[in-house]
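For reference, the structure discussed in these notes is given below.
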Number of protein chains: 2
Amino acid sequence: MTTDTSLHPLDQAIALTTAAPGHYRGHLPPTYANMVGPFGGVIAAAMLNGILVHPEKQGDPVTVTINFAGPIADAPFELFTRIVRTNRSNQHWYAEITQGGQIAATATAILASRQNSWSDNELPFPDVPPAGTVKPWLIAAGPVWVKRYEFRMLEGILPLSGIPQPDSRSVLWVRDEPPRPLDFCALLALSDVFFPRIFMRQQKLGPAGTVSMTTHFHADAAALAHQGNRPLLACARAQRFYNNYFDQVAELWSDDGNLLASSSQSVYFKD
Amino acid sequence: MTTDTSLHPLDQAIALTTAAPGHYRGHLPPTYANMVGPFGGVIAAAMLNGILVHPEKQGDPVTVTINFAGPIADAPFELFTRIVRTNRSNQHWYAEITQGGQIAATATAILASRQNSWSDNELPFPDVPPAGTVKPWLIAAGPVWVKRYEFRMLEGILPLSGIPQPDSRSVLWVRDEPPRPLDFCALLALSDVFFPRIFMRQQKLGPAGTVSMTTHFHADAAALAHQGNRPLLACARAQRFYNNYFDQVAELWSDDGNLLASSSQSVYFKD
């Protein structure tokens, strides 16, 4: 597989070649490297891509769950995507990434054909200054993938002081770097940009990794196109830490105040 | 398959016979009937049961996602549970229910062997009166499954006035009826006891159904045993309604203030 360097780094990373419908090959590059293996968001985006390029795909993603079962090396992988059931207005999917004879990730997804209906943002849009008034974070350290995003931090920073903090909440403006028009794969990847909340609480780094991420989409393709490449408002916090695992919930908003995605993770940690 | 009527109704409902390890047969009874097919919580609990009875199971559930792909009839079903990968401290699973030649539900789950670690309830326990001071809800109507639970409503009732409400939040004490010691299957079922939030907002019934539910567990078997059969504090609300789908997030707490499970759903609705 050759890389088309005219593409955005995200599109290079999640590019697939088709062996057969539902059987794809990809290679997650070091441009999105995390501490061990690639950034989970780009694994998720590649898996969703393998559903969306399938010729029998019907509708837009409504909910996606990715379980990260093992590390993925900087090497080719196989992706299998399978239609579980097609109903009148939705379609259920299962996907697996394999590498070196082992399953590295599984995913389920539901696509749907949405009709216009009564709609409402029940969760209020946070009261924050516009992205343009907040300076981008100058990233001095951290894993490579962090350089693929532009972060404008409002609340919840990571000075790594070692002084425990009473909450793990972060609020920030975020977009792809370089800027890229929003679509479902990019939004799914963005729902994984939050550092493990244990780092925020303890203000120190340690072993931690997402084992599962679920993202519910509250948008269709037109709503994502409307957002374009402008920063999203992103919020994340933990709810409970208990014996090596915590949950991490997140919301991603359009800059005009619509909740585009809500997400939750189960994250492993060791202290 | 015969029903052991000495068992609690939940245990009768989720009972499985083993055709082979990873291949089970069950039959969801009318005692947990919903508007169409069985209560989703009992479908979820039966699928988790088919993972937990597997002889190669390692650890306790940390996160479970169930996608409801089609209705399940009051008739036998087949359940297939498969280990995706076993790691040193966790195990990844995939499960499917089939009936009449079609896949009716899929699930993924991660089990883990937890060690003692730093733990914390970051989300504060709601300030509510004890369960014993709140009268059980006398259920006059609604689907059959509602009779399998005892509800003590604190906030967010359903008078079906037809007068739209500004929020969908519910707070209640809830347990199995008759009372049953808490375990992972019961807690997973309990994470689906919340009526579709669209009913709360619009105060009228209409077509609605969960398409996907994810529950993160913040407890081990001992923590659930400690809760016993006492009521759990349960909270639920929607975050966004958009063109036929909304999300619904929920928390389930022990009566001594520990978050035992956090959950989210993607729910279809039509108005």
Checklist line | Scan of segment A:215-265 for residues that are farther than 18 Å from A:ALA189 by Cβ, polar (S, T, N, Q) and touching a strand residue (DSSP E or B) at 6+ places or on another chain (Cβ under 8 Å), ordered by number | finding: A:GLN239, A:ASN244, A:ASN258
Checklist line | Hits in segment B:46-97 - residues which are basic (Lys, Arg) and in contact (Cβ under 8 Å) with a residue 24 or more places away in the chain | finding: B:LYS57, B:ARG82
Check: Is there a residue being closer than 20 Å to B:ILE43 by Cβ, in contact with a Gly (Cβ under 6 Å, 6 or more places away or on another chain) and modelled with pLDDT of 95 or more anywhere in segment B:195-210?
Finding: yes
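Restricting the search to segment A:172-215, which residues are acidic (Asp, Glu) and without any contact (Cβ under 8 Å) to a residue 60 or more places away in the chain? Break it down stepwise before answering.
Within segment A:172-215, the first condition is being acidic (Asp, Glu), and the residues that meet it are A:176-177, A:183, A:192.
Result: A:GLU177, A:ASP183.
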Check: If we keep just the residues of segment A:122-155 that are charged (D, E, K, R) and buried (at least 16 other Cβ atoms within 10 Å of the Cβ), which is nearest to the other protein chains (Cβ to nearest Cβ)?
Finding: A:GLU122
Next item on the list: Please name all residue pairs, on different chains or six or more residues apart, with Cβ atoms under 8 Å, provided the first residue is in segment B:20-44 and is in contact (Cβ under 8 Å) with a residue 24 or more places away in the chain and the second residue is part of a helix (DSSP H, G or I) and surrounded by fewer than 19 Cβ atoms within 10 Å (Cβ to Cβ).
Entry: B:PRO29/B:GLN12; B:PRO30/B:VAL144; B:THR31/B:GLN12; B:THR31/B:VAL144; B:TYR32/B:VAL144; B:ALA33/B:VAL144; B:ASN34/B:VAL144
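Output the number of residues of segment B:180-216 satisfying the condition of being among the β-branched types (Val, Ile, Thr), within 14 Å of chain A (Cβ to nearest Cβ) and in contact with a helix residue (DSSP H, G or I) (Cβ under 9 Å, 6 or more places away or on another chain).
Start the filter on segment B:180-216 by keeping residues that are among the β-branched types (Val, Ile, Thr), which leaves B:193, B:198, B:210-211, B:214-215.
Adding the requirement that they be within 14 Å of chain A (Cβ to nearest Cβ) leaves B:198, B:210-211, B:214-215.
Narrowing further to those that are in contact with a helix residue (DSSP H, G or I) (Cβ under 9 Å, 6 or more places away or on another chain): B:210, B:215.
So the answer is 2.
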Notebook entry, point to check: Here are some residues: B:ILE51, B:ILE72, B:ILE83. Which one is touching a Leu at 6+ places or on another chain (Cβ under 8 Å), more than 30 Å from B:ASP256 (Cβ to Cβ) and β-branched (Val, Ile, Thr)?
Noted result: B:ILE72
Note to self: Considering only residues that are closer than 21 Å to B:GLY206 by Cβ and either within 9 Å of chain A (Cβ to nearest Cβ) or surrounded by 24 or more Cβ atoms within 10 Å (Cβ to Cβ) (or both), which ones fall in segment B:250-263?
What the structure shows: none
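Please find, within segment B:12-24, the residue that is nearest to the chain's Cα centre (by Cα) out of those that are over 30 Å from B:LEU205 (Cβ atoms) and either in a helix (DSSP H, G or I) or small (Gly, Ala, Ser) (or both). It would help to see each step written out before you state the result.
Kept after step one, since they are over 30 Å from B:LEU205 (Cβ atoms), are these residues of segment B:12-24: B:15-24.
Adding the requirement that they be either in a helix (DSSP H, G or I) or small (Gly, Ala, Ser) (or both) leaves B:15, B:19-20, B:22.
Values: B:ALA15: 16, B:ALA19: 26, B:ALA20: 26, B:GLY22: 22 Å.
For segment B:12-24, the residue satisfying everything is B:ALA15.
Given the structure, is B:GLU177 open to solvent by 50 Å² or more (accessible area, probe 1.4 Å) and in contact with a Lys or Arg (Cβ under 8 Å, 6 or more places away or on another chain)?
On the way: open to solvent by 50 Å² or more (accessible area, probe 1.4 Å): yes; in contact with a Lys or Arg (Cβ under 8 Å, 6 or more places away or on another chain): yes.
Yes.
Would it be correct to say that B:ALA13 is buried (at least 23 other Cβ atoms within 10 Å of the Cβ), more than 14 Å from every other protein chain (Cβ to nearest Cβ), at pLDDT 95 or above and touching a Phe, Trp or Tyr at 6+ places or on another chain (Cβ under 6 Å)?
Numbers: buried (at least 23 other Cβ atoms within 10 Å of the Cβ): yes; more than 14 Å from every other protein chain (Cβ to nearest Cβ): yes; at pLDDT 95 or above: yes; touching a Phe, Trp or Tyr at 6+ places or on another chain (Cβ under 6 Å): yes.
In short, yes.
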Next item on the list: Quick one: A:ALA44 ticks every box in (1) in contact with a helix residue (DSSP H, G or I) (Cβ under 8 Å, 6 or more places away or on another chain); (2) within 11 Å of chain B (Cβ to nearest Cβ) except a single one, so which number is it?
Entry: (2)
Next item on the list: Can you work out which of the residues in segment A:64-121 that are charged (D, E, K, R) and assigned to a strand (DSSP E or B) is surrounded by the fewest Cβ atoms within 10 Å (Cβ to Cβ)?
Entry: A:ARG82
Check: Which numbered condition trips up B:THR5, out of (1) loosely packed, with under 15 Cβ neighbours inside 10 Å; (2) part of a loop (DSSP other than H, G, I, E, B); (3) within 14 Å of chain A (Cβ to nearest Cβ)?
Finding: (3)
Checklist line | Counted residues, segment A:25-57 - those being open to solvent by 10 Å² or more (accessible area, probe 1.4 Å), closer than 21 Å to A:PRO178 by Cα and assigned to a loop (DSSP other than H, G, I, E, B) | finding: 2
Margin query: Quick check on my filter: what residues within segment A:217-243 are within 13 Å of chain B (Cβ to nearest Cβ), open to solvent by less than 10 Å² (accessible area, probe 1.4 Å) and farther than 14 Å from A:ASP256 by Cβ?
Written below: A:PHE217, A:CYS235, A:ALA236, A:ALA238, A:PHE241
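The values are calculated or read from the model by the stated rules, or taken from the named source; none is laboratory data. Note that the coordinates shown come from a computational prediction; the quantities given were computed from them, not determined experimentally. No Cβ is skipped: glycine too gets one built from the backbone with ideal geometry, and neighbour counts run over all protein chains shown. Note: accessible area is taken over every heavy atom of the protein model, side chains too, but ligands, DNA and RNA are not part of it. Shrake-Rupley method; radii C 1.70, N 1.55, O 1.52, S 1.80 Å.
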